[in-house]
Amino acid sequence: MNEDLLVMSKITKIYPNGVMANDKVDFSVKAGEIHALMGENGAGKSTLMNILYGEHQPEEGAVYLEGRKIKITSPNDAIAHGIGMVHQHFMLVPSLSVAQNIYLGKEPRKNGLIDTKMMIKQAEEIAEKYNFKILCTARVADIPVGMKQKVVVCVRTDPAGHYDGLAERIQTRMLFPRAAGFVFQTKGQRDFFPEFARKKSVIILNPLNPKYIGLPRPEIREKEVVHSGRIVDFKNHELLIHAFARVHQKHPDYVLKCYGPDSGDGTWEKAEQCIKELKAQDYVKLMGGSDELEKLLPKASVYAFSSDWEGLPNGVMEAMAMGLPVVATDCPCGGPATVIRDGENGLLVPIRDEDALTEKICLLIEDRNLAERLGENARKISETANGQAVFMQWKNYLESL
């Protein structure tokens with residue numbers, strides 16, 4: 001199962017004008033994986049995919065599918081191998097009909113001639129299957145952009161402060177009605193927008209990284225309270241540090257470890273100053289970023305989250321999947337409250353409430369039966385937020401539009 005399904009090896013592409021778009025590029029994909037190729041304009045991302053799809057031919061390199069070297073000289077070759085491509089730009093022929101564009105190059109035939117009636121019938125069946133309301137005999141040049149390509153708006157942050165400016169409100173009113181649908185992470189996000197958006201929306205959680213799912217339960221908890229996420233102003237690390245300083249007075253053998261990179265907005269320096277003023281250097285640690293949180297966090301006694309606002313916090317979801325007892329601020333736009341049922345699989349406290357945060361951290365330290373029950377229930381988030389479950393939610397929603 002760990003073998004690569006598709007491999008592009010040492011791909012080199014040089015255009016006739018001498019521009020080298022790809023220079024010995026290696027790329028591989030395992031079954032079930034989703035990858036994102038990232039880079040600046042001109043980095044060669046589209047070229048690499050066009051080579052895989054047979055639209056361009058490389059000067060050097062090879063493509064392997066299921067361990068077998070294959071030759072892709074055209075999009076038809078790619079399609080025959082089960083490789084498809086959705087281009088970022090329209091690739092439709094304006095003078096042809098919708099049905100002709102769908103079956104371009106693979107038209108159904110009868111007695112050696114293109115069977116136009118069958119082509120239209122099959123195109124209409126595809127349109128009906130995916131609830132795509134379009135006239136298959138219409139010329140592509142005559143249909144609106146919204147019918148050429150459906151757009152789904154996906155909101156990934158707290159809309160307040162991001163969608164409520166004058167320019168954003170104007171654009172929302174002008175452009176959002178043209179969208180086929182909307183995907184939100186929380187009810188708070190959804191309820192921020194007009195009714196027309198809410199009516200054709202769905203709430204889908206972020207997918208969990210598999211490395212946080214199914215980890216063994218620790219036999220002994222470390223005397224640590226942990227936090228993960230960028231050191232950035234809206235995560236309010238100063239609140240957490242002040243609250244933990246009070247926790248430490250009751251439980252002097254516990255330490256606070258904050259994992260996450262410096263965002264560069266000055267919050268790291270403010271946190272360091274806060275630690276210094278509280279003389280907490282021995283028991284409050286800024287650990288920096290790490291790619292191994294699944295090894296560093298699971299044995300901690302408490303996961304504490306202190307944000308003033310968020311979208312849907314991945315850190316909280318990952319901590320829950322690892323079985324950590326979680327206490328989180330009930331911040332807008334409702335991210336923590338979307339995944340935490342207070343007292344059942346975690347604890348919620350009001351934002352900027354140092355007293356409440358201090359109290360609940362102490363409660364989880366002192367009542368280990370409660371803490372372990374919350375942590376065990378929190379693990380169940382992986383049932384609805386694993387990659388396959390989230391994929392199916394997206395698939396079912398998009399097919400319903």
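V225 meets the stated requirement of being more than 27 Å from H35 (Cβ to Cβ) and either touching a strand residue (DSSP E or B) at 6+ places or on another chain (Cβ under 8 Å) or surrounded by 18 or more Cβ atoms within 10 Å (Cβ to Cβ) (or both). Scanning segment 191-214 for residues that are part of a helix (DSSP H, G or I), surrounded by 13 or more Cβ atoms within 10 Å (Cβ to Cβ) and among the basic types (K, R) turns up R198, K211. Within the option set S9, S46, being among the polar types (S, T, N, Q), assigned to a strand (DSSP E or B) and without any contact (Cβ under 8 Å) to a residue 60 or more places away in the chain holds for one residue only, S9.
Of the residues examined, V140 is not one that is touching a residue at least 40 places away in the same chain (Cβ under 8 Å), under 30 Å from P332 (Cα atoms) and surrounded by 12 or more Cβ atoms within 10 Å (Cβ to Cβ).
Within segment 151-160, the set of residues being farther than 17 Å from Q393 by Cβ and touching a residue at least 60 places away in the same chain (Cβ under 8 Å) comprises T157, D158, P159, A160. Just one residue in the set R217, R173 is assigned to a loop (DSSP other than H, G, I, E, B) and of a type in the set (D, E, K, R); that residue is R217.
Looking only at residues in segment 242-278 that are assigned to a loop (DSSP other than H, G, I, E, B) and more than 25 Å from L364 (Cβ to Cβ), which one is farthest from the chain's Cα centre (by Cα)? Looking at the filtered set, the residue picked out is G266. Filtering segment 51-77 to residues that are touching a strand residue (DSSP E or B) at 6+ places or on another chain (Cβ under 9 Å), touching a residue at least 12 places away in the same chain (Cβ under 8 Å) and not acidic (D, E) leaves I51, L52, H56, Q57, P58, G61, A62, V63, Y64, L65, G67, I72. For G188, the conditions (1) part of a helix (DSSP H, G or I); (2) in contact (Cβ under 8 Å) with a residue 40 or more places away in the chain; (3) exposed (fewer than 15 other Cβ atoms within 10 Å of the Cβ); (4) not acidic (D, E) are fulfilled apart from (3). Restricting attention to segment 297-339, the residues that are part of a loop (DSSP other than H, G, I, E, B) and either more than 18 Å from V183 (Cα to Cα) or of a type outside the set (A, V, I, L, M) (or both) total 19. For segment 281-301, a residue qualifies if it is among the aliphatic types (A, V, I, L, M) and either modelled with pLDDT under 95 or crowded, with 20+ Cβ neighbours inside 10 Å (or both), and the qualifying residues are V284, L293, L297, A300.
Within segment 49-77, the set of residues being in a helix (DSSP H, G or I) and either over 31 Å from the mean Cα position of the chain (by Cα) or loosely packed, with under 13 Cβ neighbours inside 10 Å (or both) comprises N76, D77. Selection of first residues in segment 21-35 that are assigned by TED's automatic domain parsing to the domain that holds G61 and of second residues that are part of a strand (DSSP E or B) and of a type in the set (G, A, S), restricted to Cβ pairs under 7 Å at least 6 apart or on distinct chains, gives the following pairs, ordered by first then second residue: D26/S9. Within segment 327-351, residues that are on the phi > 0 side of the Ramachandran plot have Cβ atoms under 6 Å from residues that are not in a strand (DSSP E or B) in these pairs: G334/T186; G334/K187; G334/G188; G346/I340; G346/L374; G346/A378, counting only partners at least 6 apart in sequence or on another chain. Considering the conditions (1) of a type outside the set (K, R); (2) surrounded by fewer than 17 Cβ atoms within 10 Å (Cβ to Cβ); (3) not in a loop (DSSP other than H, G, I, E, B), A127 is excluded by exactly one of them, (2).
Of all the listed residues (A304, A319, A271), the sole one being buried (at least 24 other Cβ atoms within 10 Å of the Cβ) and closer than 14 Å to L256 by Cβ is A304.
Among the residues making up segment 78-88, those that are closer than 21 Å to A31 by Cβ and either part of a loop (DSSP other than H, G, I, E, B) or in contact (Cβ under 8 Å) with a residue 60 or more places away in the chain (or both) are H81, G82, I83, G84, M85, V86.
The values are calculated or read from the model by the stated rules, or taken from the named source; none is laboratory data. The model shown is predicted, which means the values in this text are computed figures rather than measured ones. With ideal geometry, Cβ positions are generated from the backbone for all residues, glycine too; neighbour counts draw on all protein chains shown.
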